[in-house]
Each structure stands twice: as C-alpha cells, then as structure tokens.
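**Student:** Before we start, here is the structure in question, set down as structure tokens.
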Amino acid sequence: MKRNEPVTVTLIGAGFRGMIYTDYAKSRPDELRVVAVAEPDERKRSRVKEKFDLPGESCFSSWDELFAQPRQSDAVMICTQDRYHFEPAMKALKAGYHVLLEKPMSPDAEECIAMGRQAEEAGRILTICHVLRYSPFFRTIKQLLDEGRIGRLMSIQHNENVGYWHQAHSYVRGNWRNTETSSPMILAKSCHDLDIMLWFAESDCQSLSSYGSLSHFKAESAPPGAPLRCLDGCPVSDSCVYYAPNIYLHADYGWKQAASSPDPSYEARYQALLDGPYGRCVYHCDNDVVDHQVVSMDFANEVTGVFTMSAFTEETSRTLKLMGTLGEIRASMENNEIELRIFGSGRKEQITLTDPGGHVGHGGGDHRLVRDFVQSVRHYGEYDSATSAQASIQSHLMAFAAEKSRLERRMVTLKEFS
C-alpha cells in the first residue's frame, strides 16, 4: 500500500470493542477504511454493514468464511471473546494480514507465545490492545520517570478499583464471569495493569506471589429469601444496589443496557431480565473469578511492585504511587491528576490533564492505539508499535504466573513459563 492511502481493515467480532476501534475510520477516513466484517450475529453484522456502507459480499458470518476468500484488506481487527482470539489470529497472520488483537491475547500461555512466533515468521505486525500505554495519563507518568524526576524508581503501588457495579455487570453476570468460558480475572481485567507496571519498571519480572479469592459474590452472601432472578420477587429489591431492573430498565440505554439486550425497547429488556444472564441475582450466578486479588512482583533491576485489584470500591478508577530515590509520584486516572513530590523541597507539583484526547475511552487511549497501529502498517518495517506482541507477551505471562501463584499459594518464577 502507498503511505498516503488509508489502511484497509476487516473487523472480526463486531461487539462493543470492535465498534469503538472502527469508529476511528469515521473520524479519520483518510487514515483507516473498514472494508469487510466477519460476525456470526446478524444484527451486529448488519450494523457494521450499514455504518460503513459495505457490499453484501464483504460481510461474512464467520472467520472461516472470510479466510476462504482472497485477502480482503491490509489488516484485521480481532475483537472476539477471549477464547476465540487464537484461531483467527493465526489464520490471519498466515494469510498475510497485519493484526490488531484485543487483549488478552489468549487464556493459554502457549498460545500467546505461538502467536508472537507466527507474527515473526510471517513478517506481519501483531499489535495487542493494551490501550493504557497510549493514554496521556500513563504517558505523562512514563515521561516523568524517563526524565529522572524522582531519581531511580524503586517501588510501584498500583490499584485497580474495579467498582462494585462494574464487577457485578461484567464479572458476575457478564461475559467475563467464568474462567472456563473466558479467562481468570487477573488476565481478563488486569493484564492492562501488569503491562503498565512492566513498562514503568523497564526490566523483566523475575518472580511474583499472589493471593485472592471469590469472597462475596456467591450463594453464602445472598440475603435471606433472595430468588435466583431479581424479577422473581426479591425481598430486598428496595435496598439491593445490584437489583437488575434498577440497572437495566431505566430510561437510559447505555453500554450496560445494550449488553443485556440488543433491542433497546423496554419490553425486550424486560424479557432479557426474565431469561438472560443479566437478570440473575448476583449471589446466584455461575461466576468463579475472584472479586479481589493482590500481586507482589520482583523485577530484575531490583524494582518491586504491588498490584491490588478489588471489586469493593465506589468508583471505577486506577490510582498509583511510584517511589524513587529523589521523590515520589501520586496519581489518579479517574481525576486525571498527577502529583510530583521531590524530597526536601517542601513543594508539590500538580499536573492536571484537561484533554484526554477527545475520545475518552481508557483516558483517550482507544483511538491513539488505532492511530499507532495505522502508522505501523503504513510505515511497515520502519515503525515499531508500542504494544507489539513481543512487548506484550511478558505481561501476559505475569498474569498466568499470578494465577498459578494464587491457586497454588506459592511464589512463582517467570522461568516456569519460558
């Protein structure tokens, strides 16, 4: 392709994340053009067809159908569920496509390594959607570290405050509730955060220890008399913050409501609560992922890190403290605030980011990720993506090691996954 032409892309998996990433083509048609879609759900497939005015022959009901045809585009965006990343990614790379792959790469460590190897053998780009690396918030922190503003980095504390409502929606009732059908919480939700800590430390993680469990969202915690479904006569409907009708039946039709029912009508949403996953009592679901977890990390350059993920927070946010030999950084992503303190100075330097980049998904990282991918395709061989597979595999292995440590209750070295 010529550098002044838009990169053409095929979307595989037209769910929420796929629609966000392809929105870039609407705002920057000179850089990106969606030319095909592969999606088994007819409603979702038709939505992409209409949005990008695609001909019928460019709309496929499966990735097998897509890959049976000549190459449709320069690249593919793979935004399927976690356990359906490996097969289309491998087929796309072998077919000559560059690939933008939603995180996590795969719930299987060997598959992650195999995809990275396949990208190298095929000479194709494989970029992982670690969008936080692209947000102005985390990039500003990284710049402060690179400039030596707090001296040598010694310790990292990183908190992922999942939020009680987000845990209930996505990890109790939703698609990422069960390890067997999705992946462990530390991988599905927090591989972003381990990747950021690895990026900040600038050194290999040697070993880690992890503890955590599913402690609250289970049958033993259910209020007396709570039925299997909220609409089956819940005795605490007036006081339960997880009461499904209050979340999914109000007038707004946002992303949570769309997840419960693709049809925005009240009748369709009500029916979805009667027989769909989002109408279940949060204490009577088939979830098994943890609702809180801690990971302690030892990096090769003597940096230490502690990561805490918890469902039991009011806000959905990320907060950090980075401690160096000359000072410290305290930061809140939710507030877009970074505070720099230099030892002995008595001063606090406050950095407030007022522009998260127009598109605020992940602090402005979503569309910056796509822009980076476009540039890497346009300038193939001359430009390295910030979240290439090779840069991302180790943080995935850290997540696998953390889950192994949690389950086996022992320290795990990264060498065990080499």
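Bear in mind that the values in this text are calculations on the coordinates, not laboratory data. Since the structure is predicted, the reported quantities are computational estimates derived from the model, not experimental observations. Don't worry about glycine lacking a Cβ; one is built from the backbone with ideal geometry, like all the others, and counts go over all protein chains shown.
**Student:** Just from its helices, what would the mean residue ellipticity at 222 nm be for the chain, if runs of 4 or more DSSP H residues each count -39500 (n - 2.57) and the sum is divided by every residue, rounded to the nearest 500 deg cm²/dmol?
**Tutor:** Details: 13 runs with 131 residues, N = 418.
Value at 222 nm, helices only: -9000 deg cm²/dmol.
**Student:** Find the centroid of the Cα atoms in the range 362-415 and in the range 143-205, then give the distance between the two in whole Å.
**Tutor:** The range 362-415 and the range 143-205 have Cα centres separated by 11 Å.
**Student:** Can I ask one more? With springs only between Cα atoms under 10 Å apart, run a GNM on the chain and tell me which of 236, 34, 162 wobbles the most.
**Tutor:** In the Gaussian network model the winner is 236.
**Student:** Right, something else. Among 78, 342, 393, whose mean-square fluctuation peaks in a Gaussian network model of the chain (Cα, cutoff 10 Å)?
**Tutor:** Checking each option, the largest mean-square fluctuation is seen for 342.
**Student:** Under 12 Å Cα-Cα from residue 218, which aspartates and glutamates qualify once same-chain neighbours fewer than 8 residues away are excluded?
**Tutor:** Those aspartates and glutamates meeting the cut-off are 286, 288, 291.
**Student:** Taking the convex hull of the Cα atoms, report for the range 206-340 its projected area averaged over all directions, in nm². Mind dumping the intermediate values first?
**Tutor:** Details: hull surface 45.8 nm².
Mean projected area of the Cα convex hull: 11.4 nm².
**Student:** Place +1 on the Cβ of every Lys and Arg and -1 on the Cβ of every Asp and Glu in the chain, take the dipole about the Cα centre, and give the residue among 188, 104, 126 whose Cα lies farthest towards its positive end.
**Tutor:** The listed residue farthest towards the positive side: 126.
**Student:** I would also like to ask the following. For the range 275-406, what is the convex hull volume of its Cα atoms per residue in Å³? Intermediate values should be presented prior to the final figure.
**Tutor:** Numbers: hull volume 28.7 nm³, N = 132.
Measuring per residue, one finds 218 Å³ for the Cα hull of the range 275-406.
**Student:** What translational diffusion coefficient, to the nearest whole µm²/s, does the range 7-131 have by Stokes-Einstein, given a Kirkwood radius computed over alpha-carbon pairs, a temperature of 10 °C and 1.306 mPa s viscosity?
**Tutor:** Working: Rh = 14.3 Å.
The diffusion coefficient I find is 111 µm²/s.
**Student:** How many angstrom lie between the C-alpha centres of the range 56-101 and the range 314-347?
**Tutor:** Computed from Cα coordinates, the inter-centre distance equals 41 Å.
**Student:** Based on alpha-carbon positions alone, could you give the equivalent ellipsoid semi-axes of the range 231-279 from the gyration tensor, as √(5λ), descending, whole Å? Please list the in-between numbers first.
**Tutor:** Details: eigenvalues 65, 27, 14 Å².
Square roots of five times the eigenvalues give 18, 12, 8 Å.
**Student:** For residue 51, give me every one of the lysines with a C-alpha distance below 17 angstrom, ignoring sequence neighbours fewer than eight places off in its own chain.
**Tutor:** Leaving aside lysines fewer than 8 places away in the same chain, those within reach of residue 51 are 26.
**Student:** What's the longest uninterrupted piece of the chain once you rule out the trypsin sites (Lys or Arg not before Pro) that are loop residues per DSSP with at most 13 other Cβ within 10 Å?
**Tutor:** Values: sites that count: 2, 3, 152, 347, 409, 410.
By the stated rule (loop sites, at most 13 other Cβ atoms within 10 Å), 153-346.
**Student:** Okay, moving on. When DSSP beta bridges are limited to those with both residues in the chain, what percentage is antiparallel, rounded to the nearest 5?
**Tutor:** Numbers: 43 of 69 bridges.
If we restrict to bridges inside the chain, about 60 percent are antiparallel.
**Student:** Continuing with the same structure: What Kirkwood Rh does the chain have if only Cα atoms enter the pairwise 1/r average? Answer in Å.
**Tutor:** Mean inverse Cα-Cα distance, inverted, gives 22.7 Å.
**Student:** Give the residue list of chymotrypsin sites (Phe, Trp or Tyr not before Pro) in the range 325-418 that are DSSP loop and have at most 13 other beta-carbon atoms within 10 angstrom. Don't skip to the answer; put the middle values down first.
**Tutor:** Working: sites: 343, 373, 380, 383, 400, 417; in loops: 343, 380, 383.
When the chymotrypsin sites (Phe, Trp or Tyr not before Pro) of the range 325-418 are filtered for loop state and at most 13 Cβ neighbours within 10 Å, 343, 383 remain.
**Student:** Okay, next question. With springs only between Cα atoms under 10 Å apart, run a GNM on the chain and tell me which of 306, 241, 374 wobbles the most.
**Tutor:** 241
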